[in-house]
Structure formats: C-alpha cells, structure tokens
Amino acid sequence: MTTKPPTQPLIRPCTLVYLMLVTLTIVTWATARMGLSGLSLSLVVLGIALFKGHLLADWFMGLRFITGWWRWVIAVWLLLPGGLIALGFVLSYRG
Amino acid sequence: MNGSDSIATRAIPEPVATRDEVLRYPPGDLALWIFILAELLVFGVFFAAYAFTRLNHVELFNTYQATLNRDAALINTLALLTSSYFVMRGVVAIRENDSRLCVRWLWAAIGMGAVFLVVKTVEYAHHFGEGISLSTNTFYMFYLSLTFFHFMHVILGMVILVAVALKAGRGGYSRTEHTGVESGASYWHMVDLVWLILFPLVYVMR
C-alpha cells in the first residue's frame, strides 16, 4: 500500500491573494481615472488599501502563522495612520 | 496519476501559505523587525501629517493632485506587488531547499523593483522639467518628499535583495538556515506595504 502525496490546488492560495491584490489595485486606479471623488469614495479607497495591507502582511510577510503580539503588529500600524487619514478627510468635508 | 485525483489538483510541495506550524516571532531577524516598525512609524506620521495639512488646503491639494500621472502610479503599484509576490515565492523555495529557484525568484523581484525606479525617475524628470520643486507649493512639498523618501527605501531594499540573491547563489542558505532570506523579504514587503497606503492617499483620495 502506498501513501498518496498531499494534493493541493493547481493555483496556490498565495497566488490567488496576489491576483486579488492586483484586482483591488486596478479598482482603486479606475476610480481615479473616472474622476470620481467624495468622502464616501475616499473612505472606501482607504478601506481597500488597508485591506490590501492586511492581506500582504498575512500572506506575504507570513504573519498569519504567528501567535501573540507580533501577529497583529502590522494590523495595528494600518489602523493607526489609517484612522488618522480617515479623520483628516472627514474633517475636510465638514469644513 | 491516481484515478481519484481531480484534474484540477496535483502533488506539489507545501508552500508557506499552508504551513501548519504556529510561531511566536515573525520570519527573519527580530532586530530587523524592530527597524521595520521604526520605519513604519515614520511613514505613519508622514501620512497623518499629509491628511491634516490637507485640511487647510483642500482646493490646492485637489488641484495639484490632478496633475499627477496615475497610470504611472498604477504601473508602480503593480510592479511592487509583483516583486513582493516573487520575493515570497523565493522564501518558499529556500524553505523547500531549492536555492536555484530561490535565486531566480529574487532576481525577478529585483527586476520589478528596477521597473519601479525607472517609472518613478521618469515621473520625477517630468516634474523637474516643468520647474516643480519642494518649494512650489504645500502639495508638491508632501508629494516629492513622501515619494522620494519611499524611493530611497526601494533602493535600500533592492541593495538588500541583491546581497541576499548573491549569497543564495553561492549556496549560502538552506532549508534549515535562511534567516537572511526571510529578513530581506520582510524589509521588501514593508517597502511594498508603505506604497499600498501612499498610492491611494497621494494619487487617488480627494
């Protein structure tokens, strides 16, 4: 009796994450090319950027395999400047 | 091929993305991670300063942001994302003890980094050719200083990757000892991470 080697999808999960990052980047660029603007759109674009950063930290930097404080260090970094940027844009629209 | 195998699957080595082990520290040298956090802190302050300075110059920021080349920014974002993906594959390769494949991924990543530098240099040449400088206005002061600060980090990241690729080419890393590859990769991912925020902030959000 032989043991079957572990099987895996033809496209690695990390490659799917890369393709998702590319897609989200093109969506962000397209909003700018279409001349779209406004507070809601800016916050959505910022949210996409923060999500992309989290994907990069988890899948490319390998933080998804880490436990404890180091697991969330990049997520915390994304939220702090991200929150301040969001606050700056909200205040700019409130005049 | 075993008859029970699906056409869409085949046996390939385990990538980093499916490792079962759980670690306490991030990949690479912990000292380098402290350096990475310090770098991220500086960029974070820079980003917040941009957003709050913009509060008092909304019209100016929106007007001059429209003069930037967003197509070039798209190419640069894709170049950095692709290079990060290549570096990650290089780390996977060395964990599987495949030095030659690791070296190929690393040089491919360095190539994408070079694409970023060329495109950004062309952008700078265009701006400087129009007489734009740090003192032109507040928006260009932020745009030029932020992007050039990041540009310098791309150069440093490429120098690190070249050193790692050369050592890997000499057989300096293995499945059991590849901290240098992981450290170089972590720094390069940090450079990409910063650009992922910089790109929408400076080129898109208005």
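Condition check ((1) among the hydrophobic types (A, V, I, L, M, F, W, C); (2) surrounded by 18 or more Cβ atoms within 10 Å (Cβ to Cβ); (3) within 12 Å of chain A (Cβ to nearest Cβ)) across all residues:
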| residue | (1), (2), (3) |
| --- | --- |
| B:MET88 | yes, yes, yes |
| B:VAL91 | yes, yes, yes |
| B:GLU96 | no, no, no |
| B:SER99 | no, yes, no |
| B:VAL103 | yes, yes, no |
| B:GLY111 | no, no, no |
| B:PHE116 | yes, yes, no |
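(1) open to solvent by 30 Å² or more (accessible area, probe 1.4 Å); (2) more than 14 Å from chain A (Cβ to nearest Cβ); (3) of a type outside the set (Gly, Ala, Ser): which one isn't true of B:LEU32, the others all being true?
With (1) open to solvent by 30 Å² or more (accessible area, probe 1.4 Å); (2) more than 14 Å from chain A (Cβ to nearest Cβ); (3) of a type outside the set (Gly, Ala, Ser) applied to B:LEU32, the lone miss is (2).
So which of A:LEU50, A:LEU43 is surrounded by 19 or more Cβ atoms within 10 Å (Cβ to Cβ), modelled with pLDDT of 95 or more and within 25 Å of B:GLY44 (Cβ to Cβ)?
Details: A:LEU43 fails: surrounded by 19 or more Cβ atoms within 10 Å (Cβ to Cβ).
The match here is A:LEU50.
Looking at this structure, is A:LEU87 facing another protein chain (nearest Cβ under 7 Å) and either of a type outside the set (S, T, N, Q) or over 23 Å from B:TRP188 (Cα atoms) (or both)?
no
Here is a yes/no grid of residues against (1) open to solvent by 70 Å² or more (accessible area, probe 1.4 Å); (2) more than 7 Å from every other protein chain (Cβ to nearest Cβ); (3) polar (S, T, N, Q):
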position: A:LEU16; (1), (2), (3): yes, yes, no
position: A:VAL22; (1), (2), (3): no, no, no
position: A:GLY38; (1), (2), (3): no, yes, no
position: A:PHE65; (1), (2), (3): no, no, no
position: A:TRP70; (1), (2), (3): no, no, no
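Go through segment A:3-33 and report how many residues are within 16 Å of B:MET88 (Cβ to Cβ) and either part of a helix (DSSP H, G or I) or modelled with pLDDT of 95 or more (or both).
10
Residues of segment B:47-60 being open to solvent by 50 Å² or more (accessible area, probe 1.4 Å) and either in contact with a strand residue (DSSP E or B) (Cβ under 6 Å, 6 or more places away or on another chain) or assigned to a helix (DSSP H, G or I) (or both), which ones?
If the condition is that a residue be open to solvent by 50 Å² or more (accessible area, probe 1.4 Å) and either in contact with a strand residue (DSSP E or B) (Cβ under 6 Å, 6 or more places away or on another chain) or assigned to a helix (DSSP H, G or I) (or both), then B:PHE52, B:GLU59, B:LEU60 are the ones that fit.
The values are calculated or read from the model by the stated rules, or taken from the named source; none is laboratory data. Note that this is a predicted model, so its numbers are computed, not measured. Quick reminder, even Gly has a Cβ in these numbers, built from the backbone with ideal geometry, and neighbours come from all protein chains shown. The protein model used for the area step is the full one, side chains on, heavy atoms only, and it has no ligands, DNA or RNA in it. Shrake-Rupley method; radii C 1.70, N 1.55, O 1.52, S 1.80 Å.
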